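As structure tokens, the structure follows; a few thoughts come after it.
Derivation of every value follows stated rules applied to the coordinates shown; laboratory data play no part. Note that this is a predicted model, so its numbers are computed, not measured. Note that each Cβ is placed from the backbone with ideal geometry, even for glycine, and that neighbours are counted across all protein chains shown.
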């Protein structure tokens, strides 16, 4: 059986965004991801690269506005629906997101002993789960 021979301990995640400035304000300014630069995309558009730990988040703003993804929460459609960021300040970051006007889909709650999650929506309605392990 062939398996992927990984060369990095994390993934790179691409998110097509409707408003680059609002998405940068969320991921770079509010969540504090490190801005690594921007580049023009072949075929049109701009990619903004940010680091979350060793994961590279690639925010792509197309020249034309593409269709929006299906809503309905985590189980609302097939495909990538959310991603998880492990944090040590779940109450604080969830509150900061809410104060900045982002919808909190799931307020911080303990899933099982020592495991707390919350879920917020980014500017395009993508779900971002925060996970804290006690």
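Assuming R0 = 25 Å, what is the FRET efficiency of residue 62 and residue 89, from their Cβ-Cβ distance, to the nearest 0.05? After rounding to 0.05, the efficiency reads 0.15. Only Cα pairs under 8 Å and 6+ residues apart enter the sum, and on that basis the relative contact order of the stretch 18-73 stands at 29 percent. Apply the Debye scattering formula to the stretch 11-64, with a single equal point scatterer on each alpha-carbon and no solvent, then give log10 I(q)/I(0) at q = 0.17, 0.18, 0.22, 0.23 Å⁻¹. For the stretch 11-64, the Cα-only Debye profile gives -0.45, -0.51, -0.75, -0.82.
Per residue, the average separation of C-alpha pairs within less than 8 Å and at least 6 apart gives the chain a relative contact order of 20 percent. The ellipsoid equivalent to the alpha-carbon distribution of the chain has semi-axes of 25, 19, 16 angstrom, derived from the gyration tensor eigenvalues as √(5λ) and listed largest first. Computed log10 I(q)/I(0) for the stretch 35-92 at 0.13, 0.22, 0.25, 0.28 Å⁻¹: -0.53, -1.06, -1.06, -1.07, from the Debye equation with unit scatterers placed on every C-alpha and solvent omitted.
The C-alpha atoms of the stretch 81-134 occupy a region whose extents along the principal axes are 31, 23, 14 Å, arranged from largest to smallest.
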